[in-house]
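Participant: The structure is given below, and queries will be raised subsequently.
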Amino acid sequence: MIPLKPLLKKISIKIISTIYKRVRIRKASILIIENAYPSGSSTKRIYDYLKGEYQVDWIRSDEILFKRKNTSDYLNYIRQMLKVSRYHIIITSHGFRKLKPEQVLIDLWHGIPLKAMGFMENDERIYDPEPFNTDYLITNSKLDSMLMAACTHIPFSKHHILGSPRTDYLLNPGKNKIKELEKYDKVIIYMPTFRQGYRKRTEGKISDGLFPFDDFEENEWIQYLQDHNYLLIVKLHPLEEKYVIKKMTGHPNIWVLSTETLLDLDMDLYELLPHTDLLITDYSSVYIDYLLLDQPMIFLQHDLQEYRQTRGLLLEPYDFWTPGYKVKTQSELIHAVEKSFDRDEYAERRQNLKAVFHVHKDGKATGRTVELIDRIIAGHVKP
């Protein structure tokens, strides 16, 4: 007997493929599949630029990309995919597989990868038997394209080095929407990568405290922030907020920035980053975009060897590709903060890496991407 889930999947794909052929595509119609907003979204920025010019609709990725466990789920999936079949252009940032060859699929992607992903991960169970069939992949540099090609197997002929639209927020900073930040001498943002993995990944343990140090003392850290009039903003990965956010302290010098808070402020995370003075992270690719701000950064490497063995890193040696102080303890962290604001010994290294990762540093990535979309709709370029 054939298992139910594989059978339902096979039947649903057959139904969609058959009906798709009968559904007429609406010329110049665009569907944005949103996955990242408000935590650094290129798709949302493109949507805001296109909505007055074209017929543009917006849908959350979880409305079409969800776990299908039963017949009802598969019927819902079929209905949603049939809606998708009507659009001329589909724009996403987290990978998608279109089922209709006549459609045009543009992937803006959501960051230059430091972590291994897709076909470059250590665990072969992650490899997708049906990889993305993107027509246009937007990248930031030839190095970015090489990394993405290795991870996704999308050929370079489909890559367009235009820059990530979300980085325009960094290079064209608007007014600070959060006036509370102005009362602090320095604003530090802490953005670790997620540990609560998805699919079949194992990516380390969630920390019980604010920082994953054996010697972490919250009161000592708070006192340090108070003494220097520093604010620490904690921005967790959206996948991990519900697991960790309740563990964070509610002190005036520590602000936990949630997705709900950003939505209430009607702002993207990348609108906030230009108003910060230092980034603390571990293996999150946000640091590669943060290079455009020419601000110091600190890297936590308490579980570097474990991470190499589980998820894996694309860029080695790690020390070369991470232009900032490396810390494993609270005392090292405090010392690194002091040195970053005092001597900033990694300034030249950041400039060199910025040149490698980012071809365009003019804050016009959105415009270039919109121009590509205009040419696709006009029929001047083809997949």
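The values are calculated or read from the model by the stated rules, or taken from the named source; none is laboratory data. Fair warning: this is a prediction, and the values are worked out from it, not measured in the lab. So basically every Cβ, Gly included, is an ideal-geometry build from the backbone, and we count neighbours across all protein chains shown. Keep in mind that these areas ignore ligands, DNA and RNA; they rest on the heavy atoms of the full protein, side chains included. Shrake-Rupley method; radii C 1.70, N 1.55, O 1.52, S 1.80 Å.
Participant: Would you pick out the residues in region 10-33 that are at pLDDT 90 or above and either open to solvent by 10 Å² or more (accessible area, probe 1.4 Å) or hydrophobic (A, V, I, L, M, F, W, C) (or both)?
Facilitator: ARG24, ILE25, ARG26, LYS27, ALA28, ILE30, LEU31, ILE32, ILE33
Participant: Another question, if that's okay. Take region 299-308 and flag every residue that is among the acidic types (Asp, Glu) and open to solvent by 80 Å² or more (accessible area, probe 1.4 Å). Give the derivation first.
Facilitator: Let us first name the residues in region 299-308 that are among the acidic types (Asp, Glu), namely 303, 306.
Scanning region 299-308 gives a single hit, GLU306.
Participant: What is the residue count in region 346-376 for residues that are assigned to a loop (DSSP other than H, G, I, E, B) and open to solvent by 40 Å² or more (accessible area, probe 1.4 Å)? Walk me through how you get there before you give the answer.
Facilitator: Our first condition is that a residue be assigned to a loop (DSSP other than H, G, I, E, B); within region 346-376, this holds for 346, 358-364.
Now drop any that are not open to solvent by 40 Å² or more (accessible area, probe 1.4 Å), which leaves 346, 359-362, 364.
Of the residues in that region, 6 qualify.
Participant: Among the candidates ILE32, ILE46, ILE11, single out the residue that is farther than 30 Å from THR167 by Cα and among the β-branched types (Val, Ile, Thr). Walk me through it before giving the result.
Facilitator: Values: ILE32 fails: farther than 30 Å from THR167 by Cα; ILE46 fails: farther than 30 Å from THR167 by Cα.
Checking each option against the conditions leaves just ILE11.
Participant: Could you check region 56-82 and list, in sequence order, the residues that are among the basic types (Lys, Arg) and in contact with a strand residue (DSSP E or B) (Cβ under 8 Å, 6 or more places away or on another chain)? Write out each step before concluding.
Facilitator: Step one: filter region 56-82 for residues among the basic types (Lys, Arg), giving 60, 67-69, 79.
Within region 56-82, ARG60 is the sole residue that qualifies.
Participant: Where the second residue is assigned to a loop (DSSP other than H, G, I, E, B) and the first is over 15 Å from ASP268 (Cα atoms) and lies in region 41-65, which pairs have Cβ atoms under 8 Å and are six or more apart or on separate chains?
Facilitator: Short answer, once both residue conditions are applied: ARG60/ASN35; SER61/ASN35; SER61/HIS94; LEU65/PHE96.
Participant: If I filter region 262-284 for residues that are touching a residue at least 40 places away in the same chain (Cβ under 8 Å), surrounded by fewer than 22 Cβ atoms within 10 Å (Cβ to Cβ) and under 20 Å from LEU143 (Cβ atoms), do I get at least one hit?
Facilitator: Yes, region 262-284 contains a residue that is touching a residue at least 40 places away in the same chain (Cβ under 8 Å), surrounded by fewer than 22 Cβ atoms within 10 Å (Cβ to Cβ) and under 20 Å from LEU143 (Cβ atoms).
Participant: Which residues, counting only those in region 309-337, are free of Cβ contacts under 8 Å to residues at least 40 places away in the same chain, in a helix (DSSP H, G or I), open to solvent by less than 70 Å² (accessible area, probe 1.4 Å) and not small (Gly, Ala, Ser)?
Facilitator: TYR318
Participant: Any idea which of THR92, THR134 is under 17 Å from the mean Cα position of the chain (by Cα), over 19 Å from LYS235 (Cβ atoms) and at pLDDT 95 or above? Talk me through it step by step, then tell me what you get.
Facilitator: Working: THR134 fails: under 17 Å from the mean Cα position of the chain (by Cα).
That would be THR92, the only listed residue that is under 17 Å from the mean Cα position of the chain (by Cα), over 19 Å from LYS235 (Cβ atoms) and at pLDDT 95 or above.
Condition check ((1) over 25 Å from ASP319 (Cβ atoms); (2) modelled with pLDDT of 95 or more) across all residues:
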position	(1), (2)
ILE106	yes, yes
ILE112	no, yes
LYS115	no, no
GLU124	yes, no
ASP128	yes, no
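Participant: Here are some residues: ASP107, ASP123, ASP168. Which one is crowded, with 18+ Cβ neighbours inside 10 Å and closer than 30 Å to GLN80 by Cβ? Can you show your working first?
Facilitator: Values: ASP123 fails: crowded, with 18+ Cβ neighbours inside 10 Å; ASP168 fails: closer than 30 Å to GLN80 by Cβ.
After applying the criteria, what remains is ASP107.
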